[in-house]
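Q: The structure is given below, and queries will be raised subsequently.
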Amino acid sequence: MFEAKLTEGLILKKIVESIKDIVTDVNIDISPSGISLQAMDSSHVALVSLNLSMDGFEHYRADTNMVLGVSIANLAKVMKLADNNDQITLQADQEATHLKIIFENPKTERTTEFNLNLITIDSEHLAIPETEYSSVVTINSGEFSKICKELFSLSETVQITTNTDYVQFSVEGEVGSGQVRLGHNDSEKKEDQTILEVSESVQQQFAIRYLNMFNKASTLSSFTRLCLHQEQPLVVEFKIDNLGVLKYFLAPKISD
Amino acid sequence: LKLQADIRKFFFKP
């Protein structure tokens, strides 16, 4: 038996909106300690990893480990039934054929229930090695989204260069070439800070199209954390306060 | 020209 209740249902709505354009069918791993999900996009260029801790739920019960195969596209349709200030409860029995989702608004006395049919997915589970990232950039999530959108109109590929003084996003295309360079900015307004932790410079190229999809998650956190290591995938990380973390891994473009 | 790598190249099947 699995049951989890989230008072701030909006967070779950945002999480589903943040991943629905990247992954299609996912296995949701339920355990007594929390909920996790790992899935690749259809072209195997990006990997989404979500971890939610049981502590972040108003009520959480999972007697055993369970795997719930879910079509994210269908889950997104069901989540549309939720108002932004609904409380959301997820329920599934052992060997369940569906996931019960309940939206409650205690103020308006409105309750919505939906049994989402589960699917069987034989997805390969990848092991993500613990990596010591030699460059970690913490940047305002709105600002990073804006930079990616603007650069995408100039090129499909962005080269990210880090060193102790700045992080640089450069593009080159038939329009011309240029770069956005962000230095360390410890402005008193916390959410405007750009923090660089660089022990080793990194220079890699990535497809901006994926960064734009990842940035859908910027509604979850005012900061985006970029973790880079030469020859390793980029990690774009969004911390979900009091609940967990949503990570996107993007394979770099490499010389053939 | 740089080619898009496959993410599975970096992560291994347990």
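Q: Give me the inter-chain shielding for A:248-254: mean count of other chain Cβ atoms within 10 Å, whole number please.
A: Average per residue, whole number: 4.
Q: May I pose another question? Would you list, by chain and number, the lysines whose Cα falls below 19 Å from the Cα of A:Lys5, excluding same-chain residues fewer than 8 positions away?
A: Once the sequence-local lysines are set aside, what remains near A:Lys5 is A:Lys13, A:Lys14, A:Lys80, A:Lys100, A:Lys107.
Q: If eta is 1.567 mPa s and T is 4 °C, what Stokes-Einstein diffusion coefficient results for segment A:1-149, Kirkwood Rh from Cα pairs, in µm²/s?
A: 77 µm²/s
Q: Can you list which of the GluC sites (Glu not before Pro) found in segment A:131-169 are DSSP loop residues with at most 16 other C-beta atoms within 10 Å?
A: A:Glu132, A:Glu156
Q: Please identify every one of the GluC sites (Glu not before Pro) in segment A:167-256 that sits in a loop by DSSP and has no more than 15 other beta carbons within 10 Å of its own beta carbon.
A: Answer in residue order: A:Glu174, A:Glu188, A:Glu200, A:Glu231.
Q: Bin all alpha-carbon pair distances of the protein assembly as shown at 5 Å intervals from 0 and give each bin's fraction as a whole percent.
A: 1, 6, 12, 16, 18, 15, 12, 9, 6, 4, 1, 0
Q: If you fit an axis through the alpha-carbon atoms of helix A:141-152 and take the longest principal axis of the Cα set of chain A, what angle between them do you get, 0 to 90°, nearest 10?
A: Here the helix axis deviates by roughly 60 degrees.
Q: PRE reach from A:Gln205 (point 7 Å along Cα→Cβ): which of segment A:144-166 fall under 20 Å by backbone N?
A: Within reach of a label on A:Gln205, which here means backbone N under 20 Å from a point 7 Å along Cα→Cβ, segment A:144-166 contributes A:148-163.
Q: For chain A, take the longest principal axis of its alpha carbons; what is the angle in degrees between that and the long axis of helix A:9-19, to the nearest 10 within 0 to 90?
A: 50 degrees
Q: Would you mind pulling out the separation of the Cα centroids of segment A:73-112 and segment A:28-50, in Å?
A: Going from one Cα centre to the other spans 20 Å.
Q: Equivalent ellipsoid semi-axes for segment A:129-187, as square roots of 5 times the alpha carbon gyration tensor eigenvalues: give them largest first, rounded to whole Å.
A: Three semi-axes, in Å: 22, 14, 12.
Q: Right, another one. Which of the three applies to segment A:124-256, rounded, prolate or oblate, going by the alpha-carbon gyration tensor with a ≥ b ≥ c and a/c under 1.5 meaning rounded?
A: Judged from the Cα gyration tensor, segment A:124-256 comes out rounded (a/c under 1.5).
All of the numbers you see were taken from the coordinates with simple rules; none came from a lab. The structure presented is a predicted model; accordingly, all values stated were derived computationally and were not measured. Ideal geometry is used to build each Cβ from the backbone, glycine not excepted, and the neighbour counts take in all protein chains shown.
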